[in-house]
Structures are given as C-alpha cells and as structure tokens.
Amino acid sequence: MKFSEECGIFGGVSTNYPVAPLIQQGLFVLQHRGQESAGICAGDKDLYIYKNKGLVMEVLNDRVIKNIRGKLGIGHVRYSTQGGSDSTHAQPYAVNYLGEKVAVAHNGNVKSAVDMRKKLEKQGEVFLTTSDTEMLLKKVIRELCKTPSEWTFEEVGRILTENFTGGAWSILFFVPGKIFAYRDPHGYRPMSLCEAEEGVFVSSEDTSFQMLERHLVYHIEPGEGVEITRDGYEIKRFAPEMPSKKCVFEQIYFARPDSNVFGRNVYMSRVELGRKCAIENPVEADIVVPVMESGFAPALGFSQQSGIPLQMGLMRNRFVGRTFILPEQYMRQSSVRRKLTPIIDVVKDKRVIIIDDSIVRGTTSREIVRMLRQAGAKEVHFRSASPQIVNTCQWGVDIPTKKELIANKYEDVDGIREFIEADSLAYLSLEGLKEIFGHEGWCYSCLMHD
Ligand code: AMP
C-alpha cells in the first residue's frame, strides 16, 4: 500500500478568465513537490478532469489547458517512490456521486487510512487506487450521503477532523460551485491563500502566488480552511487548535527557497542551518562546495560563518530531476553522476568541505566524495546541514524504511564516514536545529528514534 507521498496542491477561483492556465502555472512552480504525475480538475458546476504521469508542462501542456473551461479548479503534482505510481494514482481524484462530480487534491499522509479502508471494504466499498486520498473522499461521501452541491465547508471539516486527526492533510475539495481548502489541526504541511486581481487561490507554497497581482497573502493556520466561491472567500476555523507539528523537513529540503513556509523564508532558514553547522563542526579547508540545489543555501551559510570561500566545485545538470525519485538503488547511484560533475580546476589539490542539506541512504554522499577524489581533491570533508535521519515519516515525506537509512546502519558517525569514504563527516546536531526553529511546534520525528 502506498502511503508515502510528497505532493503539491494549487486551486481556486478565477475572476475573469478560465482558471486552468493559472492552475497550470501554479503547479509548475510547485513541480519540485512532485514529479511523477500532474493533474487538474476545473469547471463551474460541472467538472473537467485531466491527469497523467509526467511533469506539469508535459501533462498539462498548453493544448490541454486551452480546452479546459471553467473558473473553479484544483490541481495536483504527485511524487511517490514505492508502488502505486501508475496513472490511476494521479490526482485530483474525482468521482460521480448522485449525478454530480466531486474531486479532491491532497498533500500529506493519513496513516489511519489503512484500518479505515479495511473497515470500509468489509462494508462493500471498492477502491480503484491504494491511495489514502480516495479513502478520505469516500469516507466523506459515506458520512454525508447527500448531493455534493449540498455539502457545507463545516460538515466536511468536521468529518475530516473526527476521522483523520493525527494524519497530515492539506487538502482541496472541488464541489459544484465551491472550493473547500483545509489544513489539518496539527498543520504538518503548509498551505497559503492569495487574494489577487486574477482571483482567489490556495497553494502548498506561497511562492506560486508571485505570478499574480497580489492584494493579500495569508498563511492558513492549522485547523483552519477556506471556502471559495465565485462571490468571494471566507477563512474559517473548522477544528480546535492542537499542538502544532510543522514538518521541519519542509524547511530543510522539501520546499522552495523562495517560499515562506510556516512563517519562515526557506532560503534564510537554510543559510542559518549552514552557519550553525559551521559553528558546531569546524574544519580547516580551502573551499566550501554545495551539493546543488538544496545544498546551496547551507553552504553559503557555512562559508559566511567559517570565512572559507564558497566555490561551485560541483556543476549540476539542470535537466536532471531529483535523483531520489528513481525507484531502484542502482539507478540512483548512476544518476548522481548524471546530475553532478566536479569542476576539476576548482577542486583539484584543494581541501574541500562539501555541504548537503541531508544524508538519507548515503548514496549521494558516497558518489560525490568519490567524484571529488577522482577530480583531484586533496581532502574531502562532508557536512550535513541537518541532523541524522533515523526514522521514517508517517506524515508525507518520502523517507525510505528505517533499515535503508544510513544513520541506522552504523553504530556511529565514523562508520558512516568510512562508508562514504570522506576524510571527516559531521552533522548539525538536533539541539542546534531546535535552537534555530524552536523546541516546540515542529515535527522532528524523522530525526528522533521512536
Ligand atoms: P541519499 O543519497 O539517499 O543519502 O539522499 C540524500 C540526497 O537526497 C540529498 O542530496 C538530499 O538533498 C536529497 N533528499 C533528502 N531527502 C529527500 C526526500 N525526502 N526526497 C527527495 N530527496 C531527498
């Protein structure tokens, strides 16, 4: 069963023109959140759906978008690495019910869906996908048992809260004439709203609003949501406040540096992570080299703090996507070399500090160290701008099984250092990370043992 998805959602209601081109653009900005499939549902009362495997601009190309009418719509980009990655799992997920159509687009992960699904199956429910999103929608349908145009924001919010609190869901519903957006009461995943000249929109990351003539941007709070219609929008609380569990990995790796996630600019956070890492783990060297892209900001911070110059010692082929997406380990290994190549004149005979945002399986780090040595680096010191990843994620970040995590394979950091063949290896401490983000209000689960 597929329960690890990192996704992006974008939807809303446009003022004057069809909403589809805006959703296309919004999703394009969110492409980093999911490269496996893309999809859109749009219409006014009726609904047109188009989704498939592939990147946003392939699936939702201009020819497709031109034919999608309607001012209301939701869109989704999806990314998964194990199973359930065929086109039926692309979202939005839509059904016909009592002569109307209803659709959802979901970012997050609802673990309780496994048991609930079994229960519903025993009651005769059939599922077309293994995804928690379909289950979530079907649960809402079963609880309401009435035509979707009669659904209210409050009752859908109540059903979500009663049944799925503890899970992560930033979720968009398309019901005839209305868009409902909800952020779960713990607020694991980000979600923002924008009121603009072009309409009212909700997105996983606020940077996707930069294409709009913005009047207002609002970061939706945990347990809050928005109801949007052609007549306007209303931000509403649908669930009581609960301890907030903002995913720290959004800041470390997942979100775009130009986004403000959970009240912090991601780029600035990453620079700070690099600075802290330099304070905690100094080493004498000639240059600091980032693992592009997500290692750039922490490397800059490391360089600023240590005074060691930042150099582009590794060139990234911009036409290669995120290597993590490849399902097999051997594919990932070779793809690191396809993605990154050393600039020999920069690293040759140098003592190099290489900075990445995180080390997960160790595949990337080991290949990089080898490449740098082949390119003539005299010493290679690896620094991770996040603490060791020791646990999987139940709330929607795709982290492999515990036993695949390099941090769990070795007793100590020196074992990992030996595996990645570096001269030295150090991680930012969990304490250091918490000093930056705060001790409370964040989900640090993947950085902590059970
Ligand atoms: P690994 O090679 O398995 O150690 O993965 C580490 C690399 O993957 C780093 O360069 C990270 O930027 C990136 N990464 C870390 N976490 C994730 C994730 N959940 N999804 C995709 N890429 C990731």
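A short reminder: the numbers here are calculations on the coordinates, not readings from a lab. On a predicted model such as this, the values are computed, not experimentally measured, just so you know. Neighbour counts are summed over all protein chains in view; Cβ atoms, including those assigned to glycine, are modelled from backbone coordinates with ideal geometry.
Ordered by residue, what ³J(HN,Hα) values in Hz, to whole numbers, does the range 172-182 give under the Karplus form 6.51 cos²θ - 1.76 cosθ + 1.60, where θ = phi - 60° and Gly and Pro are x?
In residue order, the calculated couplings are 10, 10, 10, 10, x, x, 8, 10, 10, 10, 9 Hz.
Given a Förster distance of 30 Å, report the FRET efficiency between Thr129 and Met448 from their Cβ-Cβ distance, rounded to the nearest 0.05.
Efficiency computed from Cβ-Cβ geometry: 0.45.
Is the range 33-181 rounded, prolate or oblate when judged by the Cα gyration tensor, a ≥ b ≥ c being the square roots of its eigenvalues, rounded requiring a/c under 1.5 and prolate requiring a/b larger than b/c?
Oblate is the answer for the range 33-181, as a/c is 1.5 or above yet b/c matches or exceeds a/b.
Would you work out which of His381, Thr363, Asn260 lies farthest towards the positive end of the dipole of the range 260-400? Charges go on Cβ: Lys and Arg +1, Asp and Glu -1.
Thr363
Counting only helical runs of four or more DSSP H residues, what would the 222 nm mean residue ellipticity of the chain come to if each run contributes -39,500 (n - 2.57) and the total is spread over all its residues?
Theoretical 222 nm ellipticity from helices: -8000 deg cm²/dmol.
If you build a Gaussian network model of the chain, linking Cα atoms that sit under 10 Å apart, which residue out of Val77, Val248, Val114 swings the most?
Result for the chain, Cα springs under 10 Å: Val114 fluctuates most.
How big is D for the range 249-447, in µm² s⁻¹ as a whole number, if Stokes-Einstein is applied with the Kirkwood radius of its Cα pairs at 25 °C and 0.890 mPa s?
Estimated via Stokes-Einstein, D reaches 147 µm²/s.
In the chain, if the dipole is taken from +1 on Lys/Arg beta carbons and -1 on Asp/Glu beta carbons about the Cα centre, which of Thr207, Leu372, Thr88 is farthest to the positive end?
Projecting each Cα onto the dipole axis, the largest value belongs to Thr88.
Using a 10 Å Cβ count of at most 13 others and DSSP loop calls, identify the longest part of the chain lacking such chymotrypsin sites (Phe, Trp or Tyr not before Pro).
Looking at the chain, 128-318 is the longest stretch - no exposed chymotrypsin sites (Phe, Trp or Tyr not before Pro) with at most 13 other Cβ atoms within 10 Å.
Along the charge dipole of the range 249-447, pointing to its positive end and built from +1/-1 on Cβ of Lys, Arg, Asp and Glu, which listed residue (Phe296, Pro342, His439) has its Cα farthest out?
Toward the positive end, the furthest listed residue is Pro342.
Work out, in µm²/s and without decimals, the Stokes-Einstein translational diffusion coefficient of the chain at 4 °C, 1.567 mPa s, Rh from Kirkwood over C-alpha pairs.
In µm²/s, the coefficient is 58.
Cα convex hull of the range 135-205: mean projected area in nm², to one decimal?
Answer in nm², one decimal: 5.1.
Of the candidates His32, His439, His186, which one comes out as most mobile in a Gaussian network treatment of the chain with C-alpha springs shorter than 10 Å?
Largest GNM mean-square fluctuation: His439.
With a 10 Å Cβ neighbour count serving as the proxy for reagent exposure, in which order, fewest first, do Ser208, Ser424, Ser303, Ser384 appear?
Fewest to most other Cβ atoms nearby, the residues stand as Ser424, Ser303, Ser208, Ser384.
So if I place +1 on the C-beta of Lys and Arg and -1 on the C-beta of Asp and Glu, and nothing else carries charge, what would the dipole magnitude of the chain be about its Cα centre? I want it in debye, nearest 20.
It works out to roughly 1000 debye.
Build a GNM of the chain with springs between Cα atoms under 10 Å: which of Asn67, Asn107, Asn391 gets the top mean-square fluctuation?
With Cα springs under 10 Å in the chain, the top fluctuation among Asn67, Asn107, Asn391 is at Asn67.
On full extension of the chain, what length is gained from Val320 through Lys348, given 0.36 nm per residue of separation minus the C-alpha to C-alpha distance?
7.6 nm
Going Cα to Cα from Lys339, which aspartates and glutamates come in below 15 Å? Please leave out same-chain ones fewer than 8 positions away.
Of all the aspartates and glutamates, those that pass the test against Lys339 - Cα under 15 Å, at least 8 places apart if same chain - are Glu293, Asp356, Glu367.
Would you mind checking Lys51/Lys403; Lys45/Lys66; Lys276/Lys348; Lys111/Lys138 for any pair whose Cα atoms are more than 25 angstrom apart?
Correct reply: Lys51/Lys403; Lys276/Lys348.
Could you please state, rounded to a whole Å, how far the C-alpha centre of the range 138-183 is from the C-alpha centre of the range 13-91?
20 Å
Once you charge only the Cβ atoms, +1 for Lys and Arg and -1 for Asp and Glu, what is the size of the charge dipole of the range 276-412 about its Cα centre, to the nearest 20 debye?
420 debye
Got a sec? Which residues in the range 260-304 would a label at Thr341 touch, if it sits 7 Å along Cα→Cβ and we count backbone N under 19 Å?
290-293
Suppose a student asked you for the relative contact order of the chain, using Cα pairs under 8 Å spaced at least 6 residues apart; what percent would you report?
Result for the chain is 13 percent.
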